[in-house]
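Have a look at the structure below, then the notes.
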Amino acid sequence: MVLLLLVSQAIAEAVYENDVHLEKDVLTLTILETYNLSDALEFRQSLDTDNDSLVTEPELTSFKRSYLASRSSQFMEYIMVDNGNVTLYMDSISFDLYNATGKVGQDPLYVNTTINYGIVPALGAGDHSLWVIGHPLIERMRISLPKGTILVSHDGLDNVTIVEDGQVELEGRSGVRNFMAGNRSTFEYATIVDFRTPNFYEHGYVLPLLLGIELLLIMFFIFTRRKY
């Protein structure tokens with residue numbers, strides 16, 4: 001996904017995984033990429049700028065610097081919260097390559113990109129949505145919603161598994177999302193998740209709490225009447 005433009009042929013030996021962790025005021029997107037065989041070879045060739053069949057630390061550092069400078073703005077296009085009605089800003093980026101230095105060959109090569117976003121204003125009670133860009137080669141996408149939220153719907157994840165044990169987590173393969181654009185049916189490689197954060201009075205413990213307070217007030221009133 002992130003480094004798709006670095007290879008010249010269709011990627012059949014690369015594995016892509018995305019982890020999206022959403023909180024009320026922050027969001028973390030982690031992109032994991034594994035390159036094998038011919039894809040690993042082509043990646044290392046792109047890193048080997050002096051064509052001596054060896055990838056060195058200076059070449060790796062130079063690549064990371066130029067990559068972040070040229071691609072950072074694109075990371076703002078990967079995620080959207082509440083249809084763009086809240087401000088999403090990039091707080092930090094970390095970009096690491098593992099097992100990349102040494103002889104240019106077909107050994108597995110790993111890329112880990114983590115982008116931390118801030119959200120203003122923080123997500124409060126009410127209806128919300130999360131949109132995440134997709135790709136046919138993302139074999140696993142995991143989305144974690146803020147604690148206490150309720151999943152309403154999701155679209156754009158194939159073979160999805162949903163866990164709702166105090167915190168909603170969805171996991172599946174990146175798929176096609178179908179939607180209406182005006183009067184036309186269209187599609188995109190993206191995942192959208194609709195969820196809602198309950199108001200305070202909607203929580204199950206609120207009614208028993210209020211009844212308990214009312215009972216205590218009644219008992220206090222009876223006690224004071226008997227005393228005087």
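Things to note:
- Extending 7 Å from the Cα toward the beta-carbon at both Gln167 and Thr101 defines two label points whose distance is 3.5 nm.
- Paramagnetic label zone (point 7 Å from Cα along Cα-to-C-beta, Ala122; backbone N under 20 Å) in the range 16-43: 21-29
- Spacing of the two label points (7 Å from each Cα toward its C-beta) at Asn112 and Glu139, in nm: 1.9 nm
- In sequence order, the range 117-125 has phi-based couplings of 10, x, 10, 10, x, 4, 6, x, 5 Hz under the Karplus curve 6.51 cos²θ - 1.76 cosθ + 1.60, θ = phi - 60°, and Gly or Pro positions carry x.
- The Cα atoms of the range 12-56 give a gyration tensor whose axes a ≥ b ≥ c have a/c of 1.5 or more with a/b no greater than b/c, which makes the shape oblate.
- Accessible area per residue for the range 27-100, computed on protein heavy atoms with a 1.4 Å probe, is 50 Å².
- Sequence-ordered 3J(HN,Hα) estimates for the range 92-97 from the Karplus curve with 6.51, -1.76 and 1.60 and θ = phi - 60° stand at 7, 9, 10, 9, 9, 10 Hz, glycine and proline given as x.
- Accessible-area order (highest first, 1.4 angstrom probe) of the listed residues Phe43, Phe179: Phe179, Phe43
- The largest accessible area among Thr191, Thr87 belongs to the first residue in Thr87, Thr191, and the rest follow in falling order (1.4 Å probe, all chains).
The values are calculated or read from the model by the stated rules, or taken from the named source; none is laboratory data. Note that the coordinates shown come from a computational prediction; the quantities given were computed from them, not determined experimentally. Here Cβ is always computed from backbone atoms with ideal geometry, including for glycine, and neighbour counts include all displayed protein chains. We work out accessible area using only protein heavy atoms, side chains counted, and drop any ligands, DNA or RNA first. Shrake-Rupley method; radii C 1.70, N 1.55, O 1.52, S 1.80 Å.
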